[in-house]
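The values are calculated or read from the model by the stated rules, or taken from the named source; none is laboratory data. This structure is a prediction, so every number in the text was calculated from the model and none was measured. When we count neighbours, we look across all protein chains shown, and the Cβ atoms used for this are built from the backbone with ideal geometry, even at glycine. What goes into the accessible areas is simple: the full protein's heavy atoms, side chains included, and nothing from ligands, DNA or RNA. Shrake-Rupley method; radii C 1.70, N 1.55, O 1.52, S 1.80 Å.
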Amino acid sequence: MSKQNATVRPRISLMASGELRDALTAIEEGKGPAAIAALMAIDAASWQAIEHRLAIVVGSDLRALLLGAAGGIQEAQALG
């Protein structure tokens, strides 16, 4: 029996994972334009893989995760 019917998980490229890391770091540092530039550099196939993994792990999409992270950062800055 062949494995042709097996589901292939989308893959995140090494470059895309670095861009996502850079975007999250830029958000943490309050550098919105740099975060947007890093996110825009991610290829379409990797975007699909990122969305797929977030839906499984977090139960949300990247936009909700980033907005939540930005809110948490703003709260931490207000306290600090």
message = Please pick out the residue among Ile56, Ile73 that is out of contact with any Leu (no Cβ under 8 Å at 6 or more places or on another chain), modelled with pLDDT under 85 and within 19 Å of Arg11 (Cβ to Cβ).
response = Ile56
ask   = Under the condition of being open to solvent by 100 Å² or more (accessible area, probe 1.4 Å) and over 20 Å from Glu51 (Cα atoms), which residue from segment 1-34 is modelled with the lowest pLDDT?
value = Met1
key: Scope segment 15-45; condition of a type in the set (A, V, I, L, M, F, W, C) and in a loop (DSSP other than H, G, I, E, B); matching residues   = Ala41, Ile42
query = What number of residues within segment 50-61 satisfy the criterion of being free of Cβ contacts under 8 Å to residues at least 40 places away in the same chain and either aliphatic (A, V, I, L, M) or part of a helix (DSSP H, G or I) (or both)?
reply = 7
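Taking segment 40-57 as the search range and keeping residues that are aliphatic (A, V, I, L, M) and in contact with a Lys or Arg (Cβ under 9 Å, 6 or more places away or on another chain), which one is surrounded by the fewest Cβ atoms within 10 Å (Cβ to Cβ)? Outline the logic, then answer.
As a first pass, look at segment 40-57 and keep what is aliphatic (A, V, I, L, M): 40-42, 44-45, 49-50, 54-57.
Keeping just the survivors that are in contact with a Lys or Arg (Cβ under 9 Å, 6 or more places away or on another chain) gives 45, 49.
Values: Ala45: 13, Ala49: 19.
Top of the filtered list is Ala45.
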ask   = Which residue pairs have Cβ atoms under 9 Å apart, sit 6 or more places apart or on different chains, and have a first residue in segment 24-49 that is touching a residue at least 40 places away in the same chain (Cβ under 8 Å) and a second that is in a loop (DSSP other than H, G, I, E, B)?
value = Ala49/Arg9; Ala49/Pro10; Ala49/Arg11; Ala49/Ile12; Ala49/Ser13
